[in-house]
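A short write-up of the structure that comes next.
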Amino acid sequence: MVRVRFAPSPTGGLHIGGVRTAYYNKLFAEKHGGTFILRIEDTDQKRFVAESEGYIKATFAWLGIMPDEGPDHGGAYGPYRQSERKAIYKQYVEELVAKGKAYYAFDSVASLEKMRTSQQALGVKAPKYNAVTRMRMENAFTLSKEEVARRIGAGVPYVVRLLVDYQQTVRFKDEVRGWVQVSGAELDDKVLLKEDGMPTYHLANVVDDHLMEISHVIRGEEWLPSMPIHSLLYDAFGWTSPVFAHLPLLLRADGKGKLSKRAAVATGIPIFPLNWDDPQTKTHFQGFREAGYLPDALLNFIALLGWHPRGHQELFYEKGSLAKAFSLDKINKAGVQFDVGKAQWFNQQYLKKLSPATLAKDYLVPRLAEEGITVSNAFAMQVCALVQERIVFPQDLWVQHTYLFRAPASYSMDKLAKKWSALVAEVLRKVQVALKEADVFEAALIGPMVKTLIRAQGAKLGAIIPFLRMAVTGTDRGPELFAIMALLGKKEVMNRLGKFLMASHDR
Ligand code: GLU
């Protein structure tokens, strides 16, 4: 039975890398008819950010990555919260102490620091609390049993540490990287239970994965260094460990290191799924949603960040098709460049798949309403059909095509100005007259008519049409001009052309 979990620490907004981890877990559960769980690992009170959990849930709701199990919150499941399970971890850590696999330690911050500096003075680069130093510290090995019991009874603060055998070799298998081997001498006697009675990440993570019967742990590569400790914990408890798969790092598009918040913002790409106002730094980050990404397009994009299907399929429009194709053995080892251009490409493809009616109803009409513009549904749909192929984001319907709803207030003539001449003005006037006389204002009729007329004047189409476009739209690019004109209708086109020609006296 496949049971997977996404286990974020609520320390801030959920980074797009976290969304990928969550989604891979969801896809894997879906593929195997398994269960996906959300577990909030909130045992680090110093780094706790209250807004974080709500943000994760809102992200999941937007993307449809819903937990299949968990405490019932009025119809929606989850999450499990580690802070609510404190008593459980204590009980398990005591079991390890009783088995001699973990021990109490009473060292103050100052004496830990002293140990580190004296080790460093001896040339040890990364001093550890281990077989070398353990016997010089204040713990169950250096204090008598009675003294340990007395201190605990008297409420002296303590931690519980994992006892690591330095002679042991820890071996574990990662589905992505194969067998990994680490010498016990490289490991620390990691703290399992902190002074505040809270478990550390390592303890709570392992205990919960066991109790929640997690079959596969799919998480980011940054957790690979924790694996030996987790592996030792499973052994110490006598539990079978789940299958592990560590996902490759997300890298900056320029290949220069990890995709960090700072690097993303500097290059103007979103890194958070939804808008995120960081309560600590008071920084605002625009989300993928607010930037105009469609949830399915974003999911398709992130699915391919570190995983590749068999064959060359990139677009997985059909619901459930990604889950069907997904498998752990096609996850890459190497870090993946985060190319926002590719994300935009996916968005464009998904936008093209929407019907003009949906685009009009869900995006264009509401946006126009914000601008105080009302149009008929039929008109909105025609606009969407005309420009759909060209847009990358839904807001482009309005932002790049405002002229379809409002006459241009100015003309971006920079490139064209040099080509303006008395001849151009004269031909445009003839076009104006001809258009005025057109009874049927359809692209298929006015197009050939205008073109024939231009040629008959001995002018080149390329010398005149750009000005006609400028007159009608205020810009030098856009969809097929005569289709735009037909959509705007004769009266509006005549007004715009007239206005343009009037203004041309100043040219
Ligand atoms: N709490 C860890 C995190 O913040 C979870 C790592 C794991 O999935 O084991 O990502």
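The values are calculated or read from the model by the stated rules, or taken from the named source; none is laboratory data. These numbers were taken from a predicted model, which means no experiment stands behind them. Note: ideal-geometry Cβ built from the backbone for every residue, glycine included; neighbour counts use all protein chains shown. Accessible surface areas use protein heavy atoms only, side chains included; no ligands, DNA or RNA. Shrake-Rupley method; radii C 1.70, N 1.55, O 1.52, S 1.80 Å.
Tell me whether the range 180-190 contains one or more residues that are away from the ligand (no atom under 16 Å from the Cβ), part of a strand (DSSP E or B) and free of Cβ contacts under 8 Å to residues at least 24 places away in the same chain. There is at least one residue in the range 180-190 that is away from the ligand (no atom under 16 Å from the Cβ), part of a strand (DSSP E or B) and free of Cβ contacts under 8 Å to residues at least 24 places away in the same chain.
The single residue among A417, A422, A407, A385 that is open to solvent by 70 Å² or more (accessible area, probe 1.4 Å) and within 30 Å of I454 (Cβ to Cβ) turns out to be A422. Close contacts from the range 319-337, counting a first residue that is of a type in the set (A, V, I, L, M) and a second that is open to solvent by 50 Å² or more (accessible area, probe 1.4 Å), with Cβ to Cβ under 6 Å and a gap of 6+ residues or different chains, come to A323/E30; A323/K31; L328/E175. Name the residues in the range 481-495 that are of a type outside the set (S, T, N, Q), in contact (Cβ under 8 Å) with a residue 60 or more places away in the chain and open to solvent by 10 Å² or more (accessible area, probe 1.4 Å), would you? Residues satisfying the conditions are A483, L487, L488, E492, M494. Kindly evaluate I465 against the criterion of being aliphatic (A, V, I, L, M), within 29 Å of L368 (Cα to Cα), open to solvent by less than 40 Å² (accessible area, probe 1.4 Å) and outside any loop (DSSP other than H, G, I, E, B). Considered against the rule, which asks whether it is aliphatic (A, V, I, L, M), within 29 Å of L368 (Cα to Cα), open to solvent by less than 40 Å² (accessible area, probe 1.4 Å) and outside any loop (DSSP other than H, G, I, E, B), I465 comes out as yes. When T35, T43, T21, T11 are checked against the criterion of being open to solvent by less than 10 Å² (accessible area, probe 1.4 Å), among the hydroxyl-bearing types (S, T, Y) and either at pLDDT 95 or above or within 14 Å of the ligand (Cβ to nearest atom) (or both), a single residue qualifies: T43. Within the range 148-162, the residues that satisfy the criterion of being loosely packed, with under 14 Cβ neighbours inside 10 Å and assigned to a helix (DSSP H, G or I) are A149, R150, I152, G153.
Given (1) among the hydrophobic types (A, V, I, L, M, F, W, C); (2) touching a residue at least 60 places away in the same chain (Cβ under 8 Å); (3) surrounded by fewer than 17 Cβ atoms within 10 Å (Cβ to Cβ), identify the lone condition not met by I373. If we test I373 against (1) among the hydrophobic types (A, V, I, L, M, F, W, C); (2) touching a residue at least 60 places away in the same chain (Cβ under 8 Å); (3) surrounded by fewer than 17 Cβ atoms within 10 Å (Cβ to Cβ), just (2) comes out false. Of the residues making up the range 223-237, at least one is under 16 Å from A334 (Cα atoms) and in contact with a strand residue (DSSP E or B) (Cβ under 7 Å, 6 or more places away or on another chain). Out of D174, D208, D196, D165, I need the residue that is closer than 21 Å to A98 by Cα and surrounded by 17 or more Cβ atoms within 10 Å (Cβ to Cβ). Which one? Checking each option against the conditions leaves just D208.
Within the range 327-357, the set of residues being outside any helix (DSSP H, G or I) and open to solvent by less than 30 Å² (accessible area, probe 1.4 Å) comprises S327, I331, V336, F338. The residue that is most open to solvent (accessible area, probe 1.4 Å), counting only those in the range 219-229 that are within 17 Å of A204 (Cα to Cα) and near the ligand (Cβ under 8 Å from one of its atoms), is W223. Would you check if Y166 is under 29 Å from R219 (Cα atoms), hydroxyl-bearing (S, T, Y), touching a helix residue (DSSP H, G or I) at 6+ places or on another chain (Cβ under 9 Å) and without any contact (Cβ under 8 Å) to a residue 60 or more places away in the chain? Judged against the criteria, Y166 is a match.
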